[in-house]
Amino acid sequence: MNSHTINMGCRYCKILEKENFGDLLLETRHWIVFLAPNQSLVGTCVVALNRHLEGLSGLEMEEWEDFAPLVKRMEHALKCAFHATMFNWGCLMNASYLKDPPEPHLHWHLIPRYNHEVKVNGVIFEDVYFGHMKPQPPKNISLKTRKMISEKIKENL
């Protein structure tokens, strides 16, 4: 990541610069993909723009062009790794505006959905609200299980 794209006043940019937000899975020219901290739906990821930007309307054409194949790669990897049934993509910036001053940084939530249970390292992941827009309860998993999820995704990228 080029340092001129970082806004050091942005908490998210600081996290991206240190690459410590969850588990780094993939970087493209314009995007960086992390395994999200909450794995209530196994394989949930955060896909962040690798420069500071506050909203979708500011994306450059080359960033959109880089995003399209990234969507295909990530969905393919999650289908192969965990047999995801379908995917929800959301650009949800709400929490950024709970702070004063707000700290928005453009990112997407990639949420695989499952019509079946998935088992990783003996842990059963169930999409209890499959087909509904209801948040899943948080799921605590071990670091070993998180690493296994990350490795399985990376194997299929």
Inset, instruction - Compute the FRET efficiency between W89 and E117 as 1/(1 + (r/R0)^6), taking r as their Cβ-Cβ distance and R0 = 30 Å, and round to the nearest 0.05. - result: 0.85
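Of the peptides 61-72, 39-50, 91-102, 108-119, how do they stack up when ordered by the mean number of other Cβ atoms within 10 Å, highest first?
Ranked from most to least packed, the peptides come out as 39-50, 108-119, 61-72, 91-102.
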Legend entry - Rounded Å value of the spacing that divides the Cα centres of segment 130-157 and segment 35-109: 15 Å
Legend entry - Surface accessible to a 1.4 Å probe, per residue, for the residues of segment 42-117, Å²: 50 Å²
Inset, instruction - Quick one: which residues, 5 or more positions from M86 or on another chain, have an amide H under 5 Å from its amide H? H modelled 1.01 Å from N in the peptide plane, none for Pro or chain starts. - result: R113
Inset, instruction - Taking the chain as the reference, fit the longest principal axis to its C-alpha atoms, fit the long axis of helix 143-155 to the helix C-alpha atoms, and give the angle between the two in degrees, 0 to 90, nearest 10. - result: 80 degrees
Inset, instruction - Rounded to whole Hz and in sequence order, give me ³J(HN,Hα) for segment 109-119 from the Karplus expression 6.51 cos²θ - 1.76 cosθ + 1.60, θ = phi - 60°, writing x for Gly and Pro. - result: 9, 9, 10, x, 10, 9, 9, 8, 7, 10, 10
Inset, instruction - Note the listed values [x] 119; [y] 187; [z] 128, then indicate which one is volume of the Cα convex hull per residue in Å³ calculated from this particular structure. - result: [x]
Legend entry - Interchain or long-range residues, amide H under 5 Å from W31's placed H: N50
Inset, instruction - Starting from the Cα of Y97, step 7 Å toward the Cβ, then list every residue of segment 41-57 with an amide N under 11 Å from that point. - result: none
Inset, instruction - Run down the aspartates and glutamates and flag those whose C-alpha is under 20 Å from the C-alpha of K144, throwing out any fewer than 8 positions away in its chain. - result: E19, D23, E117, E126, E155
Inset, instruction - Could you list the residues of segment 41-55 with an amide nitrogen less than 20 Å from a label point located 7 Å from the Cα of S142 in the Cα-to-C-beta direction? - result: 41-43
Legend entry - Violating pairs (Cα-Cα greater than 22 angstrom) within the set K79/K152; K72/K134; K119/K154: K72/K134
Inset, instruction - Report ³J(HN,Hα) in whole Hz for each residue of segment 57-64, in order, from the Karplus equation J = 6.51 cos²θ - 1.76 cosθ + 1.60 where θ = phi - 60°; Gly and Pro get x. - result: 5, x, 5, 7, 4, 5, 6, 5
Legend entry - Contact order normalised by residue count of the chain, Cα under 8 Å, 6+ apart, percent: 26 percent
Legend entry - Sequence-distant residues sharing a close amide H with Y129 (under 5 Å, placed H): none
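The values are calculated or read from the model by the stated rules, or taken from the named source; none is laboratory data. This structure is a prediction, so every number in the text was calculated from the model and none was measured. Note that we place each Cβ from the backbone using ideal geometry, even for glycine, and neighbour counts take in every protein chain shown. With ligands, DNA and RNA removed, areas are computed over all heavy atoms of the protein, side chains included. Shrake-Rupley method; radii C 1.70, N 1.55, O 1.52, S 1.80 Å.
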